[in-house]
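Quick notes on the structure that follows.
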Amino acid sequence: MAHSLVSLVIRHTYRLPSPAGSAGEGATAARQLDAALTSVGFKLSSELLERLSGLSEAAVVHTARRTLRAVSEMVGDHVRHNTYFIDFPANVPDTEEFWARCVAEALADDTSRENVLTQLAHGVLDLIGLPAYGRYRHTYEEMLAAQDELIASAGDRVTVLHLGRDLDDELTDLYLALAGSTTPLGEDHLGDLKVLAERCAPGPQPESIPVRENRAVVNEARLAVGADLLLDTVTDVLRLACALSGGDVTLREPTRFRALSRPVRRALLAGLDAVVAANPAKLADVHAHREPFKRLGERLHPHEYPAGRTPPTCSPWRGARRRPGPSTAVSRSCSTSTTSSVRRDC
């Protein structure tokens, strides 16, 4: 786990958390690490090289293994990448030329000719089913040999790795930066944010989380470790429920809510209570997502409150089930009933 966290910091910040270890003569091992990094377009800063040189050789070797593994993943060296066209980005055929060639090859192949002719006779051809589609026309080694010129030019670019602070400090700073990002994060970064949110749950939290999808990921992680939820609106609770069900936290696509454990239900209901108690006007958000809120209510079981207490969390479902205009029997019953089913409770 420690290696993955160090790798995470390096990938996002190009900083190596301050290496730990006993003092010693690690200069030779540090220079060897620097040379190995240079071969893949990276280099140690003078400050980091000096820090490593003052550690024991064993400590430097331990740090080197972690660093090289992280850098290899950053440059994609842990995966064999190939290109569909060996000279890419040069000599890529036009779309019509490419498909015409695929069809011609299929007609020249005894095993596929009859099937292709039958499809053509009906005026429809499954292009993706053609034998030539999706198959590399060269080996990985042939692709590398053809790309020697590009590999040489890539060697002119060097990324410097700097000395960072302690691992915990680096993780906290990175967590605050990702959680407080003003732009949506990609899938990989959202995964990193979830890991960081769990690790950093007891520590400082961002002053604001502008992107709602990021907030859902943070709250899912905090819920998993038993930390208080960071909620600003009732919709934040809906997004969190979507995340817990593996659904779409952007709310663009409907989510099939899963059965939730009692501790999770109580945490979500308590979060709703806190948001509504702080600002009842935020219940207006329910109308924008009426149907998802009604489905969520069927999973949260608001009636599971201590005996004799009227669930304040009925408010969102009263709003979700109320129709604009004159009151109806449904809206009146939702406003007065507090019995034991969601529909009667809310």
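The values are calculated or read from the model by the stated rules, or taken from the named source; none is laboratory data. Please read all numbers here as calculations on a predicted model, not as lab measurements. When we count neighbours, we look across all protein chains shown, and the Cβ atoms used for this are built from the backbone with ideal geometry, even at glycine. Areas reflect the complete protein model, heavy atoms only, side chains present, ligands, DNA and RNA absent. Shrake-Rupley method; radii C 1.70, N 1.55, O 1.52, S 1.80 Å.
Looking at this structure, is P210 within 20 Å of L178 (Cα to Cα), assigned to a loop (DSSP other than H, G, I, E, B) and not hydroxyl-bearing (S, T, Y)? Taking the combined requirement at face value, the residue satisfies it.
Among the residues of the range 167-184, is any touching a Leu at 6+ places or on another chain (Cβ under 8 Å), in a loop (DSSP other than H, G, I, E, B) and modelled with pLDDT under 95? Please lay out each step first, then the result.
Going residue by residue through the range 167-184, those that are touching a Leu at 6+ places or on another chain (Cβ under 8 Å) are 167, 171, 174-175, 178-179.
Keeping just the survivors that are in a loop (DSSP other than H, G, I, E, B) gives none.
Within the range 167-184 (the criterion being touching a Leu at 6+ places or on another chain (Cβ under 8 Å), in a loop (DSSP other than H, G, I, E, B) and modelled with pLDDT under 95), the answer is no, since none of the residues qualifies.
Within the range 281-302, residues that are on the phi > 0 side of the Ramachandran plot reach partners that are assigned to a helix (DSSP H, G or I) with beta carbons closer than 7 Å, at six or more positions or on different chains, in the pairs H301/R265; H301/V342.
Check whether at least one residue in the range 37-57 is of a type in the set (A, V, I, L, M), farther than 21 Å from V158 by Cβ, in contact with a Gly (Cβ under 9 Å, 6 or more places away or on another chain) and open to solvent by 80 Å² or more (accessible area, probe 1.4 Å), and report yes or no. Within the range 37-57 (the criterion being of a type in the set (A, V, I, L, M), farther than 21 Å from V158 by Cβ, in contact with a Gly (Cβ under 9 Å, 6 or more places away or on another chain) and open to solvent by 80 Å² or more (accessible area, probe 1.4 Å)), the answer is no, since none of the residues qualifies.
Residues that are small (G, A, S) and within 20 Å of L238 (Cα to Cα) within the range 196-217 comprise A197, S208, A216, listed in sequence order. Inside the range 193-221, residues that are within 30 Å of L55 (Cα to Cα) and either in contact with a Pro (Cβ under 6 Å, 6 or more places away or on another chain) or of a type in the set (D, E) (or both) make up a count of 0. Consider only pairs whose beta carbons are under 8 Å apart and that are at least six residues apart or on different chains; among these, list those whose first residue lies in the range 117-128 and is without any contact (Cβ under 8 Å) to a residue 24 or more places away in the chain and whose second residue is open to solvent by 70 Å² or more (accessible area, probe 1.4 Å). So the pair list comes out as Q119/D126.
Residue-wise test of (1) of a type outside the set (D, E, K, R); (2) closer than 20 Å to L296 by Cα.
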site: D166; (1), (2): no, no
site: L174; (1), (2): yes, no
site: E207; (1), (2): no, no
site: D232; (1), (2): no, yes
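Specify the residue that is modelled with the highest pLDDT; the eligible residues are those in the range 289-311 that are under 16 Å from A267 (Cβ atoms) and open to solvent by less than 60 Å² (accessible area, probe 1.4 Å). Here the residue is L296. Checking each residue in the range 241-278 for being over 15 Å from L223 (Cβ atoms), open to solvent by less than 60 Å² (accessible area, probe 1.4 Å) and in a helix (DSSP H, G or I) picks out D273, V275, V276.
Being modelled with pLDDT under 90, of a type outside the set (V, I, T) and farther than 30 Å from S45 by Cα is a condition met by no residue of the range 58-78.
Does A197 satisfy the condition of being under 29 Å from S261 (Cα atoms), at pLDDT 95 or above and open to solvent by less than 80 Å² (accessible area, probe 1.4 Å)?
Spelling it out, A197 is indeed under 29 Å from S261 (Cα atoms), at pLDDT 95 or above and open to solvent by less than 80 Å² (accessible area, probe 1.4 Å).
Restricting the range 221-236 to residues that are in a helix (DSSP H, G or I), among the aliphatic types (A, V, I, L, M) and without any contact (Cβ under 8 Å) to a residue 60 or more places away in the chain, the residue that is most open to solvent (accessible area, probe 1.4 Å) is A224.
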